[in-house]
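The values are calculated or read from the model by the stated rules, or taken from the named source; none is laboratory data. Bear in mind that the values here come from a model prediction, so they are computed numbers and not experimental data. With ideal geometry, Cβ positions are generated from the backbone for all residues, glycine too; neighbour counts draw on all protein chains shown.
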Amino acid sequence: MPETALDRHGKPRRTGGPHFAASALRPPGCVELGAVRLKSLTMVRHGESTGNAALAAALRAGAEEFASGTRDADFPLSDLGRAEAAALGTWLARHPQPDLIGCSPYLRARETADIALREPDWPQPRLDERLRDREKGILQGHTASGVRTRFPAEHHERERVGKFYYRPPGGESWPDVALRIRSLLPELHGHALIFTHDLVIVMTRYILGDLTEAEILDIESDQLRNCSVSRWEQDGSTMRLVGYNETEHLPAP
């Protein structure tokens, strides 16, 4: 029988792309975030997806919907998104090995991790549904003009409540996403690397920065770029933001 290569910890060495373990990020003996198990947190937004590209094209054309036949979870990376993920991989290879890698189960995040993670002895990415994108319910696949035209009552409710607290039928509000993240953070430990989506990163900044609704809305108005990197480091019993929406590693647009 062929021998199995082992890493420096005596465990089977991963070959090829990462193998995704379908289990949550729950290392044994996790305690609260305040006990400083988390030393650093690096969060990556996925590379450009075909859904991102379709939305941009729909907005340019003034269309009311985009990619209506595809579930949000099933959009793969575009060619640009794959190039972005490869550039991210070059950047990651220059940094120390993380203790834990988490990933949204959505295809665009998994493909980003698959392309970017090149080091065979790094931890296997673990899928966690709490890292998925915000659920938009019946509004999924519609542009803002499409919502105004086809769902006028929902448009008016969103205007009344505000984008932070508005929850579309079958979907989530921003605080709903925050609840997912609050349950996840105490389970992270050491140096954590996360592949996820823009609002998950935005709401992580909201939580770790103890921000207000107005403050996070102002921050979110500067959209996170695909494959951007946001970083926090341990500072006593808190996590200090040291980089947000960093894109220096990406190809010039």
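For the list (1) loosely packed, with under 14 Cβ neighbours inside 10 Å; (2) touching a Leu at 6+ places or on another chain (Cβ under 6 Å); (3) not polar (S, T, N, Q), I need the number of the one condition that R134 fails.
The single condition R134 does not satisfy is (1).
Mind listing just one residue for me: the one in the range 151-192 that is of a type in the set (G, A, S) and part of a helix (DSSP H, G or I) and, of those, farthest from L139 (Cα to Cα)?
Ranking the candidates gives S183 first.
Scanning the range 235-253 for residues that are of a type in the set (S, T, N, Q) and at pLDDT 95 or above, which turns out nearest to H191 (Cα to Cα)?
N245
Here is a check on your reading of the model: is S145 farther than 17 Å from L41 by Cα, outside any loop (DSSP other than H, G, I, E, B) and small (G, A, S)?
yes
Filter the range 137-165 for residues that are under 30 Å from D210 (Cα atoms) and within 21 Å of the chain's Cα centre (by Cα) and give the result.
G137, L139, Q140, K163, F164, Y165
Which residues, counting only those in the range 186-203, are crowded, with 18+ Cβ neighbours inside 10 Å and closer than 16 Å to R37 by Cβ?
Within the range 186-203, E187, L188, H189, H191, A192, L193, I194 meet the criteria.
Pick out the one residue from A63, A144, A113, A67 that is aliphatic (A, V, I, L, M), surrounded by 17 or more Cβ atoms within 10 Å (Cβ to Cβ) and at pLDDT below 95.
A67
For the range 209-248, which positions are in contact (Cβ under 8 Å) with a residue 60 or more places away in the chain, of a type outside the set (K, R), touching a strand residue (DSSP E or B) at 6+ places or on another chain (Cβ under 7 Å) and not in a strand (DSSP E or B)?
Selection gives L224, N226, C227, S228.
Output yes when any residue across the range 155-177 is touching a residue at least 60 places away in the same chain (Cβ under 8 Å) and under 30 Å from S68 (Cα atoms), and no when none is.
no
Checking D121 against (1) loosely packed, with under 15 Cβ neighbours inside 10 Å; (2) touching a residue at least 60 places away in the same chain (Cβ under 8 Å); (3) part of a helix (DSSP H, G or I): exactly one of these is not met. Which one?
(3)
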